[in-house]
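Let me begin by presenting the structure, written as structure tokens, before commenting on it.
The values are calculated or read from the model by the stated rules, or taken from the named source; none is laboratory data. This one's a predicted model, so the numbers in the text were calculated from it and none came from an experiment. Counting neighbours? That spans all protein chains shown, and the Cβs are built from the backbone with ideal geometry, glycine included. Heavy atoms of the whole protein, side chains included, go into the accessibility calculation; ligands, DNA and RNA do not. Shrake-Rupley method; radii C 1.70, N 1.55, O 1.52, S 1.80 Å.
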Amino acid sequence: MSTGGRGQNRQELATVLSEVARTWRAAPDVTATVEAITRAAVSHLQGTEYAGVALCSKGKITTVAATDDLVTEIDQLQYKVGEGPCVDAITHHRTYRTGDLATEGRWPNFALAASAAGVRSMLSYRLFDSSTTIGALTLYSTEPDAFSDDTVADGALFAGHAAIALATAQTEAQLVTALESRDQIATAKGILMERHRLDPAQAFAMLVDASQNSNVKLHDVAAWLIDDTDQLRREFPEPVAG
């Protein structure tokens, strides 16, 4: 392929990914975003039969989206033996491409089991926002040497767009959770103020004490109080004035 032709193809891919990224950002939550990312990877990255996204949190890696059960099976093999392209992409902040897993020497414990399961090629990208690692995007094929240099380059562009969309989705999810927690705590304070004739500071202090004494998060204590109050109101409704 000529340099000019390749440049045109990259430009076309960038245009496609810009459109795809906008649909990712419109996804309703993190789960929908990662599922859309994996489907788009299969559609737009040459040689890709399956794709998966793994996220890392508190030192643990979890596959959260996969286009096929085989992806989940292969990822679990990686996590079990502690080695493989996805694990290393997250750990070492690099892109990892295999040739034929049947002859791969970098991850001997993983590669043999993966090739026996039917996967012969993998390509893993670290997903990150600024300096923070979010997880990894991994492409899979049942064919050996499935991913060319061009696909590696295209995939890097794709992974960059995916990381931005995923980081945005996670931030929005955290914001929604924070707002919901704040509303729950405010409602619980109101219940305690009414029930025990407390002022706002006293009601909040009571919630904090309950949280600390029970070793339960504050918003969970608030949610329990709200649910318990709703249940009591259903069981013992206030009489209607005649």
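Every Cα-Cα pair in region 75-159 was counted, and those over 21 Å apart are 24% of them.
Couplings 3J(HN,Hα) of region 83-89, computed from phi: 8, x, x, 5, 4, 6, 4 Hz, in residue order, whole Hz [Karplus 6.51 cos²θ - 1.76 cosθ + 1.60, θ = phi - 60°; x for Gly and Pro]. A viscosity of 1.567 mPa s and a temperature of 4 °C, combined with the Kirkwood radius over Cα pairs in Stokes-Einstein, give a translational diffusion coefficient for region 120-203 of 78 µm²/s. Just tell me which lysines come within less than 24 Å, Cα to Cα, of residue 189; anything on the same chain fewer than 8 places away is out. Once the sequence-local lysines are set aside, what remains near residue 189 is 217.
Averaged per residue, region 79-210 has 49 square angstrom of accessible surface, using a 1.4 angstrom probe with ligands and nucleic acids left out.
Residues whose amide H lies under 5 Å from that of residue 129, counting only those 5 or more places away or on a different chain, are 134; hydrogens are built 1.01 Å from N in the peptide plane.
Computed log10 I(q)/I(0) for region 98-148 at 0.15, 0.24, 0.30, 0.32 Å⁻¹: -0.44, -0.82, -1.05, -1.14, from the Debye equation with unit scatterers placed on every C-alpha and solvent omitted. One Cα centroid belongs to region 179-204, the other to region 46-87; the line between them spans 43 Å. Among the lysines, which have Cα under 23 Å from the Cα of residue 80 when same-chain residues fewer than 8 positions away are ignored? Output for residue 80: 58, 60. Modelled spin-label separation between residue 31 and residue 46, with each label point placed 7 Å from Cα along the Cα-to-Cβ direction: 3.6 nm.
Take the Cβ atoms of residue 76 and residue 112, set R0 to 25 Å, and the FRET efficiency comes out at 0.95.
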